[in-house]
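Have a look at the structure below before the remarks.
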Amino acid sequence: MSYSRLYGLAAIVLCVAACDSREEPPAPVASGAAVSHEDIVAAAPDDWLTHGRDYAEQRYSPLDAINADNVAELGLAWYFDVPTERGMEATPIVVDGRMYVTGSWSIVYALDAATGDELWRHDPEVPKSWAQYACCDAVNRGVAAWGDSIFVGTLDGYLVSLDMATGTVNWKVDTIDRKPPYTITGAPRVIDGKVIIGNGGADLGVRGYVSAYDADSGELAWRFHTVPGNPDDGFENDALALAADTWTGTWWQHGGGGTVWDSMAYDPALDLLYIGVGNGSPWNQRLRSPGGGDNLFLSSIVALRPATGEYVWHYQTTPGDTWDFTATQHIVLADLEIGGEARKVLMQAPKNGFFYVLDRADGSLISAEPYVAVTWASGIDTATGRPVEAPGARYESGMFLNMPSGLGGHNWHPMSFSPETGLVYLPSQDLPAPYLEDAGFEFAEGFWNTGIDFRTLETPADPAMAAEVAKMVRGQLVAWDPVEQREVWRYQHLGPWNGGTLATAGGLVFQGSLVGEFAAYDAGSGERLWVTNAQTGVAAAPATYAVDGEQYVAVAAGWGTIFALLGGEGLASLGLQNKSRILAFKRGGTAALPELPPAEPRPVPQPPERTASAETIERGKLLYYQRCAACHGVDVASGGITPDLRYTSAEIHDAWDAIVLGGALRGQGMPAFDSIFDAEDSDAVQAFVIEAAHRAYARQQ
C-alpha cells in the first residue's frame with residue numbers, strides 16, 4: 001500500500017463531530033477499593049493504578065505469566081464496544097479487578113476487568129460544538145484514581161470527581177476561563193490528595209497553565225502558569241518574571257501558548273512533579289515574539305513542588321520554538337548507571353527529534369541524540385544544552401523542508417522502559433513538512449492560529465516528487481538504549497502514527513498500529529512473536545493486570561486522532577474504519593470479534609460545474625489550508641472521521657453558506673465562520689473544494 005500522501009504537519013481546528021449512540025447503562029455495582037499514595041508508589045503487580053502504572057510512568061509491569069515462551073497462546077478474552085465514533089487514546093486504569101477507561105467525548109466507563117461487563121457509565125455531556133476548539137479530535141487519554149474516587153478532565157474544561165463504586169458525581173469544577181478556546185484531553189494525576197490537570201488550546205490562542213485541586217472538595221490548591229502574562233499586570237511568581245525577560249512584543253494579547261496537555265511524572269523521594277509544556281501561540285515565533293528570545297517556558301520540562309506549585313527548575317528542549325515542537329511527550333523516570341555512576345534520570349523523546357536524558361534532581365543535561373531524521377538542527381551542544389540550528393531552519397527567508405514535522409518524531413503515544421533490558425520502547429516516525437511563513441496572517445480568536453502557510457502540505461502534483469516524499473515517510477517501533485544513546489533494534493511499520501507501548505517482565509513489548517494490528521515483540525531482539533487483527537487503528541497504549549491469578553493485556557482500539565483528521569488522499573484510500581472498543585486478551589481466550597462487512601469502493605460523484613476564476617480558487621485554497629485542513633484533510637481528503645468534502649452532495653453545496661457562515665451544523669461540531677469569513681471567503685473555499693473534487697473525479701475515470 002502507498003503512503004505517498006501521509007505527510008503533513010499537525011493540526012488546525014477540529015471541525016465536525018460524529019453523533020453518539022445512546023444506551024442506558026446497567027445498575028452500578030458497589031466496590032470497596034480505595035487508592036492511596038502508598039499504593040501508587042508500591043505499584044502492586046495486579047493493578048494499574050495511574051496513567052503510566054506508577055509515578056515514574058515507566059509503563060513496565062512485573063507480571064510475567066504471559067511471556068515470550070507462551071505469548072502465542074494469547075486470545076481475545078472479551079471486548080467492549082464503545083458507543084462513540086471518534087478516536088480512542090486512553091490507557092485503562094485497573095483497581096481491584098475493575099477497569100476505568102474513557103472514550104471520546106470524555107465519557108467514563110467502569111467495567112469488570114475479567115469479563116468486560118459494564119458496571120456504570122458517566123457521560124459529562126460535552127457539547128458537540130466544543131469540538132471546534134479541540135485541535136486533534138474529541139479524545140481523552142484516561143482517568144485518575146484516588147481514595148474511592150475516579151477523576152476525569154472533560155473536553156470542555158471541567159474536572160469531575162466520580163464515586164468509584166457508582167459513577168455518581170462527587171463534585172465538578174470549572175478549570176478554565178470560558179471565553180478562550182481551552183480543552184482538556186489529558187489524564188489527571190493525583191499526588192498526596194491533589195488532582196493535577198493541565199489543558200490544551202495553544203494552537204488557537206490561550207495562555208497555558210497546570211492546576212491542582214483538592215481531591216475531597218474540588219477546591220483549587222494552586223495554579224502554575226507556563227508563560228508570563230501582561231507585564232503591566234505584574235507576575236504571579238518570580239519564575240514568570242524571569243521568563244518574561246525571554247519574550248518580546250505583546251505576546252500576551254494572543255495568550256502565548258505553552259499548554260500542559262499531556263505528560264507528567266513524579267519522584268516521591270525528591271518530591272518533584274515534572275510537567276511537559278507545549279508550543280507557542282502562534283507557532284511562528286516572529287509573529288509571537290518578534291524580537292526573538294527563548295520564550296520560557298514553552299517547549300520545556302518544568303519541575304514543581306506538587307504541594308504548592310512552586311517552581312524548582314526547567315530544561316527547554318526547543319528555545320524560541322517556531323515549529324510546534326512541544327515537550328509534552330511522555331516523561332519517564334529511571335535510575336541508570338551512566339559513566340560508572342548511578343544517576344537518577346528523566347527521559348523524554350519530544351517532537352523535535354532528539355532523545356534527552358536529564359538529571360531529574362536539577363534538570364541538567366546528561367545527553368541528547370537524534371532518534372529520527374532531523375534537518376532543523378545538527379545536534380545538541382552538551383555544554384549549553386541548546387540545539388545547533390541549521391541555516392534557514394526558521395524559514396525566515398523562504399520555505400524550509402523540516403524533519404520532524406509538527407506531528408513530531410514522537411507524538412503523544414506513550415513510550416515504555418524496561419529495567420530488565422535497560423531499553424526504552426519508542427513509537428517513532430519520520431514525517432517531513434515544508435515550513436513557509438503565512439505572509440497574510442491575521443489572528444482569529446477561537447480558530448487555528450499558526451502563522452504557517454499550510455498550502456505547502458498539499459501532495460505534489462509531480463508523481464516523481466510525490467514518490468520522493470513517500471520515501472521519507474516512515475513509522476517504527478524502536479528499542480532505544482538511553483545510556484549509549486543509540487538504537488538497538490526496530491520493527492518497521494507500514495506507516496506512521498502507531499500506538500503507545502507496554503513492556504513486561506515476561507520479556508515482551510506490546511504495541512498497536514495504524515492499520516489495526518496489535519502485536520507482541522521480544523523485548524530483547526524485536527522479533528514479532530504474536531499479532532492479532534484489532535479491526536481498527538490502535539493509537540492508545542496498552543495496560544496489563546491480573547484478576548484471580550489470570551494475567552490480561554488490554555488496549556483501547558479506535559481509529560481517529562489528529563492523523564485521521566489531517567487525512568490526505570493516500571490515507572483516505574486505505575479505507576480505515578473506526579470500531580471503537582476495549583480489547584482484553586489472555587492465554588487461551590476464545591472470544592471473537594464480529595466480522596467486518598466487506599469494504600466497498602466509494603467513487604467520487606460528479607462534482608458541480610466549475611464557475612470560479614483561478615484567482616478565486618487559489619484564495620479558497622489559502623483559506624482552506626488556514627482554517628479547514630486539519631478537520632477535513634490535506635488534499636481535501638479526510639481519513640474517515642470527519643466528512644470527506646470531495647463527496648459533498650448537491651444538497652450540502654446548496655446549503656454551503658448556511659453551514660459555513662451560519663453554523664447550521666454547529667451542534668455536530670462544525671463552527672460558524674462568520675466572524676472570520678465573509679460571503680466571498682465562503683464562496684472561495686467552496687470553489688476550491690469543487691476544484692479538488694474535480695481532480696479526484698478525473699483520476700478515477
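The values are calculated or read from the model by the stated rules, or taken from the named source; none is laboratory data. Everything numeric here is computed off the predicted structure, so don't read it as measured data. Virtual Cβ from ideal backbone geometry, glycine too; neighbours counted across all protein chains shown.
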Q.
List pairs: first residue in the range 587-600 and farther than 30 Å from L63 by Cβ, second residue among the small types (G, A, S) anywhere in the structure, Cβ distance under 8 angstrom, at least six positions apart or on different chains.
A. A599/G575
Q | Lone unmet requirement of (1) more than 24 Å from N284 (Cβ to Cβ); (2) modelled with pLDDT under 95 for E219 | A | (2)
**Q.** Hits in the range 147-174 (condition: at negative phi, in contact with a Ser or Thr (Cβ under 8 Å, 6 or more places away or on another chain), of a type outside the set (V, I, T) and part of a strand (DSSP E or B))
**A.** S149, F151, G153, Y158, L159, S161, L162, D163, N170, W171, K172
Q: Just give me the residues in the range 469-512 being buried (at least 24 other Cβ atoms within 10 Å of the Cβ) and either among the polar types (S, T, N, Q) or part of a helix (DSSP H, G or I) (or both), in sequence order.
A: N498, T501, T504, Q511
Q: Give just the number: which of (1) aliphatic (A, V, I, L, M); (2) in a helix (DSSP H, G or I); (3) surrounded by fewer than 24 Cβ atoms within 10 Å (Cβ to Cβ) does A630 not satisfy?
A: (3)
Q. Going by the conditions given, is A519 free of Cβ contacts under 8 Å to residues at least 60 places away in the same chain, assigned to a strand (DSSP E or B) and in contact with a Lys or Arg (Cβ under 9 Å, 6 or more places away or on another chain)?
A. yes
Q. Within the range 75-114, which residues are in contact with a strand residue (DSSP E or B) (Cβ under 8 Å, 6 or more places away or on another chain) and in a loop (DSSP other than H, G, I, E, B)?
A. V82, M88, E89, A90, T91, P92, G97, G103, I107, A113, A114
Q: Identify all residues within the range 576-589 that are charged (D, E, K, R) and not in a loop (DSSP other than H, G, I, E, B); write none if there are none.
A: R581, K586, R587
Q: Pick out the one residue from G293, G320 that is under 20 Å from W251 (Cα atoms), at pLDDT 95 or above, part of a loop (DSSP other than H, G, I, E, B) and more than 26 Å from the chain's Cα centre (by Cα).
A: G293
Q. Which members of the range 119-139 meet the condition of being more than 16 Å from T561 (Cα to Cα) and part of a loop (DSSP other than H, G, I, E, B)?
A. D123, P124, E125, V126, P127
Q: Look through the range 602-621, keep the residues that are buried (at least 18 other Cβ atoms within 10 Å of the Cβ) and hydrophobic (A, V, I, L, M, F, W, C), and return whichever of them is farthest from T456 (Cα to Cα).
A: V604
Q: Kindly state which strands (runs of 3 or more DSSP E) lie completely within the range 527-573 and contain at least 1 residues that are assigned by TED's automatic domain parsing to the domain that holds S416, in contact (Cβ under 8 Å) with a residue 40 or more places away in the chain and crowded, with 24+ Cβ neighbours inside 10 Å.
A: 543-547, 550-557
Q.
For the condition of a type in the set (K, R) and within 30 Å of G446 (Cβ to Cβ), what is the one hit in R699, R695, R602, R646?
A. R646
Q: Hey, can you tell me all the residues within the range 175-184 that are touching a strand residue (DSSP E or B) at 6+ places or on another chain (Cβ under 6 Å) and either in a loop (DSSP other than H, G, I, E, B) or farther than 29 Å from Q285 by Cα (or both)?
A: T175, I184
Q.
Going through L623, L661 one at a time, which residue ends up being in contact (Cβ under 8 Å) with a residue 40 or more places away in the chain and among the aliphatic types (A, V, I, L, M)?
A. L623
Q | Failed condition for G309, given (1) surrounded by fewer than 24 Cβ atoms within 10 Å (Cβ to Cβ); (2) in contact (Cβ under 8 Å) with a residue 24 or more places away in the chain; (3) at negative phi | A | (3)
Q: Run down A664, A599, A592 and say which single residue is surrounded by fewer than 24 Cβ atoms within 10 Å (Cβ to Cβ), assigned to a loop (DSSP other than H, G, I, E, B) and touching a strand residue (DSSP E or B) at 6+ places or on another chain (Cβ under 8 Å).
A: A592
Q | Residue among R455, R528, R490 that alone is within 30 Å of G257 (Cβ to Cβ) and of a type in the set (D, E, K, R) | A | R455
Q: Take A466 and decide whether it is over 20 Å from the mean Cα position of the chain (by Cα), surrounded by fewer than 21 Cβ atoms within 10 Å (Cβ to Cβ), assigned to a loop (DSSP other than H, G, I, E, B) and in the same structural domain as L571 (by TED's automatic domain parsing).
A: no
Q: Check whether at least one residue in the range 438-458 is touching a His at 6+ places or on another chain (Cβ under 7 Å), buried (at least 19 other Cβ atoms within 10 Å of the Cβ) and aliphatic (A, V, I, L, M), and report yes or no.
A: no
